[in-house]
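Contents: one structure, followed by commentary.
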Amino acid sequence: MATDLTETGWKRTLRALGMSLCLIALTGCGGGTANTVSNLLSSTISAVSAACTPSTVAPNATSQCTASVTGTGSFSSAVTWSSNVGAIDATGLFTAPATTGAATITAVSVQDTAHSGHATVTVQSAAPPAQSRHIVMVMEENSGYASVVGNGNWPNLNNLISKGALATNYYANAHPSIGNYFMLSTGQLLTIDDSSTQVWNVDNLARRMLSAGIPFRIYAEGITQGYVGGNTGTYLIRHNPFAMLSDIVNNPTVANQTIWPFAQFATDVANGTLPEFSFIVPDVNDDAHNGTAQQADSWLQINVVTPLSNSPAFQSGGDGVLIVAFDESDTLDLANGGGHIPAIFWGPNAKVGFTQASSTLYQHQSMLRTVMDTLGLPNPPAAAAAAPSMSEFLK
C-alpha cells in the first residue's frame, strides 16, 4: 500500500501517534496532546539517595529512613524499600534485628528501577553501665506515670527524681501484678494468675547470682528469715518472685541466706554489710497497693532513702544505685500490656537530674538486663537477652 505523504496524511499520522502515546501513558488527551507527549518523553530519573535517622540503633529498635529522588520532567518520587536484615515497611520505618551488625537499607525508584540509593544503619548494643556492687531495688504498686511524676502525693519520690534519672518511656508488661515480677526476675511472664504459688524451675536472676557467687538478699516486710510460704498478714508472695523460684525454695540453706525480714535492711546498711543486690518488698500498706500514695512515699523516704543517704556506698565516690519502679499502672491502662509507669535511678552510679533522652521503649525485661549488666552478669535470660539496656540512665 502506498504511503500518504500529503500534508493531510502527515497530520493524521501524527494525531494517531499522539493518541497512542496518550493511551500508553493512561492520561487524558484533550487539547494537551503535545504537552503530554513532551512530558512523557522528557521525564527521567537521574538519582536516588537514602538516609536513616538515627543511623545507630540498639537491637530491635527503630530508625526512620527517607529517600530523595531527583530527575527531570514530571517524574515520580515514589520508592520501594528493602533491607538485608531486620524489616522495613512501606513508609521507610526500619526495625533492627535482635543481633548486632550493619544493616543495608535500599530505596529503589518505582518509575525507573535502574536507579537506587543506599543507607547503612549500625545495630549495636549500648555500652554496659559501670558495674555497681550495691544495687537496691524497691517495687511499688499499681500507679501510673501521671499519678506519680510531678504529683504532690509523692513529694519525696519526686525530690529523688530531681536528683537522679527518670525513664519516661517505661511500660509494664501485663496486668495483674505477678507476671511483671516474674519478668523482672526471669525475663518471662510465666503466669498471670495472681493467686498462683507455683515454684518455677527456669533460668533467673537468683540462679545467675548464685552461680557467680554474687551475694544478694530479699528484704520483705511481714515475714521471718528463710520464709518461702504463701501470703501472711500484709505480705503477699506474688510481690516476691524470689520466693517462687526453685533455686531458693528447694534449698533451705539458700533460703535462709537470702530471704530476710525487712528489719535486717537497716542493720545491714548501718553495718556496711549490704550485699551486691538487694530486693525490697514493702507490705501492701506501704507499697501503695492498699495504703495511700502518701504513706508509700513516706515509708520509702524514711526506711530506704534516708538510711542509704548515710551509707558510704551511696555517697560521693560510692558505687551504689537505688532503683524505684512500679509493677504496673492502673488496670485501665493497657498500653504495651501493663500501662505507663515510672522507673527511677538514684545514687552515685546514676546520672543526676537526667530525663530520658532516647525514644526507646523500656519494659521490665530491660530492667532485668540492666541489673545483670551492672552486676557484670552476661547473657540475660529469655526476653531480657534482646531487650534494650537502660544504660543511658547510669554513669
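The values are calculated or read from the model by the stated rules, or taken from the named source; none is laboratory data. Because the structure is predicted, anything quoted here is derived from the model rather than measured. Quick reminder, even Gly has a Cβ in these numbers, built from the backbone with ideal geometry, and neighbours come from all protein chains shown.
Below, the figures for the structure above:
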{"item": "Whichever residue in segment 78-101 is modelled with pLDDT of 90 or more and of a type in the set (A, V, I, L, M) and, among such residues, is nearest to S63 (Cα to Cα)", "result": "L93"}
{"item": "Among residues of segment 324-342, those that are more than 15 Å from A288 (Cβ to Cβ) and buried (at least 24 other Cβ atoms within 10 Å of the Cβ), counted", "result": "1"}
{"item": "One residue from Q188, Q198 being surrounded by fewer than 16 Cβ atoms within 10 Å (Cβ to Cβ) and either small (G, A, S) or in a loop (DSSP other than H, G, I, E, B) (or both)", "result": "Q198"}
{"item": "Whichever residue in segment 351-364 is surrounded by fewer than 24 Cβ atoms within 10 Å (Cβ to Cβ) and at pLDDT 95 or above and, among such residues, is farthest from R207 (Cα to Cα)", "result": "G353"}
{"item": "Which listed residue is surrounded by 19 or more Cβ atoms within 10 Å (Cβ to Cβ), in contact (Cβ under 8 Å) with a residue 60 or more places away in the chain and of a type in the set (S, T, N, Q), from N151, N180", "result": "N180"}
{"item": "Filter result (modelled with pLDDT of 80 or more and surrounded by fewer than 18 Cβ atoms within 10 Å (Cβ to Cβ)) within segment 121-136", "result": "T122, Q124"}
{"item": "Selected residue [more than 26 Å from the chain's Cα centre (by Cα), surrounded by 21 or more Cβ atoms within 10 Å (Cβ to Cβ) and farther than 30 Å from P312 by Cβ] from Y219, Y235", "result": "Y235"}
{"item": "Residue check for F94: outside any strand (DSSP E or B) and buried (at least 18 other Cβ atoms within 10 Å of the Cβ)", "result": "no"}
{"item": "Residues satisfying the stated conditions in segment 199-241, i.e. of a type in the set (S, T, N, Q) and closer than 16 Å to V136 by Cα", "result": "N240"}
{"item": "Residues of segment 233-254 satisfying the condition of being among the β-branched types (V, I, T), farther than 19 Å from G222 by Cα and in contact (Cβ under 8 Å) with a residue 12 or more places away in the chain", "result": "V254"}
{"item": "Subset of segment 267-308 that is closer than 18 Å to N153 by Cα and among the hydroxyl-bearing types (S, T, Y) - its residue that is surrounded by the fewest Cβ atoms within 10 Å (Cβ to Cβ)", "result": "T292"}
{"item": "Selection count where residues are surrounded by fewer than 17 Cβ atoms within 10 Å (Cβ to Cβ) and either touching a residue at least 24 places away in the same chain (Cβ under 8 Å) or touching an Asp or Glu at 6+ places or on another chain (Cβ under 6 Å) (or both), scope segment 255-266", "result": "4"}
{"item": "Subset tally (residues that are assigned to a loop (DSSP other than H, G, I, E, B) and crowded, with 16+ Cβ neighbours inside 10 Å) for segment 158-177", "result": "6"}
{"item": "Only listed residue being part of a strand (DSSP E or B) and within 21 Å of A293 (Cβ to Cβ), chosen from V149, V121, V108, V138", "result": "V138"}
{"item": "Extreme residue, farthest from the chain's Cα centre (by Cα), among residues of segment 58-91 that are surrounded by 16 or more Cβ atoms within 10 Å (Cβ to Cβ), small (G, A, S) and over 23 Å from A47 (Cα atoms)", "result": "G86"}
